[in-house]
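Remarks on the structure that follows.
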Amino acid sequence: MKFIVSSTKLLKQLQAVGGVLNTNNTLPILDNFLFQVEVNSLSITASDLETTMISVIDDIQANEVGKVAIPAKMLIEILKTFAPDTPITFIVDKDTYNISLSAGEGKYKLAGQNGDEFPKSPEIENTASIEMDTKALAEAINKTIFATGNDDIRPVMSGVFCELALDSITFVATDAHKLVRYRRNDFKSDAEKQFIMPKKPLNQLKSTLNSVEGNVTIEYTDSNAKFTFGHITLICRLIDGKYPNYNAVIPAENPNKLTIDRLSLLNSIKRVSLFSNQSTYQIRLKIAGSELTISAEDLDYANSATERLTCQYDGSDMEIGFNAKFVLEMLNNLSSELVNLEMSMPNRAGLLIPVDPENTKEDVLMLVMPVMLNQ
């Protein structure tokens, strides 16, 4: 079997799907890419059994159809060294699965494996589906994935909860210390459905979606989800379990509302938090009138910092403590010029909500739990 493909095209697609590969695979063949050659196209598959990603390259030259598993790491490393758009010729011995590569004056040999031994991609049948703009899905992942947990005891909180409704689609992530709810009102589902997406395939999607224009089709069953966009297909196993009732955590009444410039608040917290205890990252927000005072101290090293900012505030004077790392993550993942910090009491969660968001179809709410202040 012989086929010819551009080094640039091939490397781009291998890097797109290569993030699925694990460093320690239970099956040695999963250290390989599966190449499936058709009359004028090449399908490349990478899998870790939980997530499978497939990319298709059109317009290759091939003399016959067939499949072979090729060592992933070595192939990517050699392709990186070639000049752009170098034609790479692959010749595969169908008996031994040895592969000969030739590019310009160079010839290289490596040992492949029987492509039939590569695990089959999961069949996604009798699915429901929804279409989204690729940029919108990438934005939804960006706005939520940072808030997922890493607790093996509660695997449902290590993923992003997707809630499809007849008039919207909602993405939720929480680790019990912070929570993000991202809703889009411009995408609708034919049926109401809920599922939990694992973090790894979402990271793969995040890194690939921004380079593709158009729509992504999301098909799902009770156990798997399939994303199709451009020349790429991603299939992943969903997290089994019941997601916590996130609506019960969001306080409904928040009479104390602070409005402030997002970047000013972000930079002030960055500076002040350098002087906080580096195990708790505790900062104190004291709000009185139109003045916000942000302070932090580390008693072990006699470090302290205080900054004052002008704000618009409607509510009772109060002091509340937060973990600076959580607040910074949220502010970094908002894009509006102004943000609202809505609070009820010092021992209840605070809500960060963008003021006049760039996209009116977005509804973003970020929740951060307070920390007990040292008196």
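The values are calculated or read from the model by the stated rules, or taken from the named source; none is laboratory data. Keep in mind that this is a model prediction, so the values were computed, not measured. Please note: Cβ atoms are built from the backbone with ideal geometry, for glycine as well, and neighbour counts cover all protein chains shown. Side chains included, ligands, DNA and RNA excluded: accessible areas come from the protein's heavy atoms. Shrake-Rupley method; radii C 1.70, N 1.55, O 1.52, S 1.80 Å.
Being surrounded by fewer than 18 Cβ atoms within 10 Å (Cβ to Cβ) and in contact (Cβ under 8 Å) with a residue 12 or more places away in the chain is the filter here; which residues of region 141-153 pass it? Working first, answer last.
First, pick out the residues of region 141-153 that are surrounded by fewer than 18 Cβ atoms within 10 Å (Cβ to Cβ): 142, 146, 150-153.
Result: N142, F146, N150, D151.
Could you say which residue among A324, A302 is out of contact with any His (no Cβ under 9 Å at 6 or more places or on another chain) and without any contact (Cβ under 8 Å) to a residue 24 or more places away in the chain? Write out each step before concluding.
On the way: A324 fails: without any contact (Cβ under 8 Å) to a residue 24 or more places away in the chain.
Criteria check complete, one pass: A302.
So, S335, is that one among the hydroxyl-bearing types (S, T, Y) and under 27 Å from I169 (Cα atoms) or not? Reasoning before the result, please.
Working: among the hydroxyl-bearing types (S, T, Y): yes; under 27 Å from I169 (Cα atoms): yes.
Yes; evaluated as a whole, the condition is true for this residue.
Mind checking which pairs have a first residue in region 330-348 that is hydroxyl-bearing (S, T, Y) and a second that is part of a strand (DSSP E or B), Cβ under 6 Å, 6 or more apart or different chains?
Listed pairs, sorted by first residue: S336/P354; S336/V355.
Counting just the residues of region 118-140 that are closer than 27 Å to A72 by Cα and in contact with a strand residue (DSSP E or B) (Cβ under 7 Å, 6 or more places away or on another chain), which one comes out least open to solvent (accessible area, probe 1.4 Å)? Outline the logic, then answer.
Looking only at region 118-140, we keep the residues that are closer than 27 Å to A72 by Cα, and these are 118-124, 138.
Going one step further and asking which of them are in contact with a strand residue (DSSP E or B) (Cβ under 7 Å, 6 or more places away or on another chain), we end up with 118-119, 121-122, 124.
Working: F118: 9, P119: 35, S121: 43, P122: 48, I124: 30 Å².
Checking each candidate, the answer is F118.
Just to verify a result, which residue in region 1-41, among those that are assigned to a loop (DSSP other than H, G, I, E, B) and of a type in the set (S, T, N, Q), is least open to solvent (accessible area, probe 1.4 Å)? Explain how you work it out, then say what you get.
Initially, region 1-41 is screened for residues assigned to a loop (DSSP other than H, G, I, E, B), giving 1, 19-27, 38-40.
Then drop every residue that is not of a type in the set (S, T, N, Q), which leaves 22-26, 40.
Details: N22: 62, T23: 131, N24: 132, N25: 35, T26: 121, N40: 90 Å².
Out of the qualifying residues, it is N25.
Of everything in region 266-303 that's aliphatic (A, V, I, L, M) and within 21 Å of L334 (Cα to Cα), which residue is surrounded by the most Cβ atoms within 10 Å (Cβ to Cβ)? Steps first, please.
Here is the first cut: in region 266-303, the residues aliphatic (A, V, I, L, M) are 266, 269, 272, 274, 283, 285, 287-288, 292, 294, 296, 299, 302.
Still in the running and within 21 Å of L334 (Cα to Cα): 266, 269, 272, 283, 285, 292, 294.
On the way: L266: 17, I269: 24, V272: 21, I283: 26, L285: 24, L292: 22, I294: 23.
Per the stated criteria, the residue is I283.
Out of region 62-71, which residues are in a strand (DSSP E or B) and either more than 35 Å from the chain's Cα centre (by Cα) or hydroxyl-bearing (S, T, Y) (or both)? Break it down into steps so the answer makes sense when it comes.
Looking only at region 62-71, we keep the residues that are in a strand (DSSP E or B), and these are 62, 66-71.
Matches in region 62-71: A62 only.
Every residue in region 305-320 that is free of Cβ contacts under 8 Å to residues at least 24 places away in the same chain and in contact with a Pro (Cβ under 6 Å, 6 or more places away or on another chain), please.
none
One residue is enough: does region 72-94 have a residue meeting the conditions in contact (Cβ under 8 Å) with a residue 24 or more places away in the chain, under 18 Å from T8 (Cβ atoms), more than 28 Å from the chain's Cα centre (by Cα) and crowded, with 20+ Cβ neighbours inside 10 Å?
The answer is yes; a qualifying residue exists.
Which members of region 357-375 meet the condition of being touching a strand residue (DSSP E or B) at 6+ places or on another chain (Cβ under 7 Å) and among the β-branched types (V, I, T)?
V364, V368, V371
Test of understanding: among S100, S55, which residue is surrounded by fewer than 16 Cβ atoms within 10 Å (Cβ to Cβ), touching a strand residue (DSSP E or B) at 6+ places or on another chain (Cβ under 6 Å) and among the hydroxyl-bearing types (S, T, Y)?
Numbers: S55 fails: surrounded by fewer than 16 Cβ atoms within 10 Å (Cβ to Cβ).
It is S100.
Are any residues in region 163-201 in contact (Cβ under 8 Å) with a residue 40 or more places away in the chain, within 30 Å of V371 (Cα to Cα) and in a loop (DSSP other than H, G, I, E, B), and if so, which ones?
Scanning region 163-201 gives A176, H177, P198.
Within the bounds of region 242-251, is there any residue that is assigned to a loop (DSSP other than H, G, I, E, B) and surrounded by 18 or more Cβ atoms within 10 Å (Cβ to Cβ)? Walk me through it before giving the result.
First pass over region 242-251, keeping only residues assigned to a loop (DSSP other than H, G, I, E, B): 242-245, 249-251.
Retained after the next criterion (residues that are surrounded by 18 or more Cβ atoms within 10 Å (Cβ to Cβ)): 243.
The answer is yes; a qualifying residue exists.
Kindly evaluate T228 against the criterion of being open to solvent by less than 50 Å² (accessible area, probe 1.4 Å), β-branched (V, I, T), free of Cβ contacts under 8 Å to residues at least 24 places away in the same chain and more than 19 Å from K143 (Cα to Cα). Give the steps one after another, and end with the answer.
Working: open to solvent by less than 50 Å² (accessible area, probe 1.4 Å): yes; β-branched (V, I, T): yes; free of Cβ contacts under 8 Å to residues at least 24 places away in the same chain: yes; more than 19 Å from K143 (Cα to Cα): yes.
Judged against the criteria, T228 is a match.
Out of all the residues in region 106-120, is one or more part of a helix (DSSP H, G or I), within 26 Å of I54 (Cβ to Cβ) and of a type in the set (K, R)? Show your work before the answer.
So in region 106-120, the residues part of a helix (DSSP H, G or I) come out as 115-117.
Now restrict to residues that are within 26 Å of I54 (Cβ to Cβ): 115-117.
Okay, now just the ones that are also of a type in the set (K, R), so none.
Taking every residue of region 106-120 in turn, none turns out to be part of a helix (DSSP H, G or I), within 26 Å of I54 (Cβ to Cβ) and of a type in the set (K, R).
Can you pull out the residues in region 304-332 that are open to solvent by 20 Å² or more (accessible area, probe 1.4 Å) and either of a type in the set (D, E, K, R) or within 19 Å of T174 (Cα to Cα) (or both)?
Those that are open to solvent by 20 Å² or more (accessible area, probe 1.4 Å) and either of a type in the set (D, E, K, R) or within 19 Å of T174 (Cα to Cα) (or both): E307, R308, D314, D317, E319, N323, K325, F326, L328, E329, N332.
Please name all residue pairs, on different chains or six or more residues apart, with Cβ atoms under 8 Å, provided the first residue is in region 247-263 and is of a type in the set (V, I, T) and the second residue is outside any helix (DSSP H, G or I) and open to solvent by 80 Å² or more (accessible area, probe 1.4 Å).
Short answer, once both residue conditions are applied: T259/Q312; I260/Q312.
Which residue, of A191, A176, is in contact with a Leu (Cβ under 8 Å, 6 or more places away or on another chain) and either more than 21 Å from T360 (Cα to Cα) or crowded, with 22+ Cβ neighbours inside 10 Å (or both)? Spell out the reasoning first.
Numbers: A176 fails: in contact with a Leu (Cβ under 8 Å, 6 or more places away or on another chain).
Of the residues listed, the single one that is in contact with a Leu (Cβ under 8 Å, 6 or more places away or on another chain) and either more than 21 Å from T360 (Cα to Cα) or crowded, with 22+ Cβ neighbours inside 10 Å (or both) is A191.
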